[in-house]
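K.L.:
After the structure tokens below, expect a handful of questions from me.
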């Protein structure tokens with residue numbers, strides 16, 4: 001799974017706990033998209049999470 005180039009968000013691992021308190025392993029995958037963005041003045045394809053895209057931290061290249 002990819003990692004966000006802006007904030008560094010990636011896959012997280014933890015335990016899922018049921019109502020009866022049985023535990024099983026679980027992964028939370030970041031909502032990461034491959035987008036064309038302006039990096040150092042030139043367009044480049046990077047991985048960015050949707051939180052960074054929505055907040056305007058990524059300047060999209062058209």
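The values are calculated or read from the model by the stated rules, or taken from the named source; none is laboratory data. Computed from a prediction, not measured in an experiment: that's the story for all the values here. So basically every Cβ, Gly included, is an ideal-geometry build from the backbone, and we count neighbours across all protein chains shown.
K.L.:
Over 17 Å from the mean Cα position of the chain (by Cα), at pLDDT 95 or above and surrounded by 11 or more Cβ atoms within 10 Å (Cβ to Cβ) - does that describe any residue in region 11-20?
P.N.:
Yes - at least one qualifying residue is present in region 11-20.
Residue-by-condition table, conditions (1) surrounded by 15 or more Cβ atoms within 10 Å (Cβ to Cβ); (2) within 11 Å of residue 4 (Cβ to Cβ); (3) in contact (Cβ under 8 Å) with a residue 40 or more places away in the chain:
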| residue | (1), (2), (3) |
| --- | --- |
| 24 | no, no, no |
| 31 | no, yes, no |
| 48 | yes, yes, yes |
| 55 | no, no, no |
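Residues checked against (1) touching a helix residue (DSSP H, G or I) at 6+ places or on another chain (Cβ under 7 Å); (2) touching a residue at least 24 places away in the same chain (Cβ under 8 Å); (3) assigned to a strand (DSSP E or B):
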site	(1), (2), (3)
4	yes, yes, no
10	no, no, no
15	no, no, yes
20	no, no, no
34	no, yes, yes
43	no, no, yes
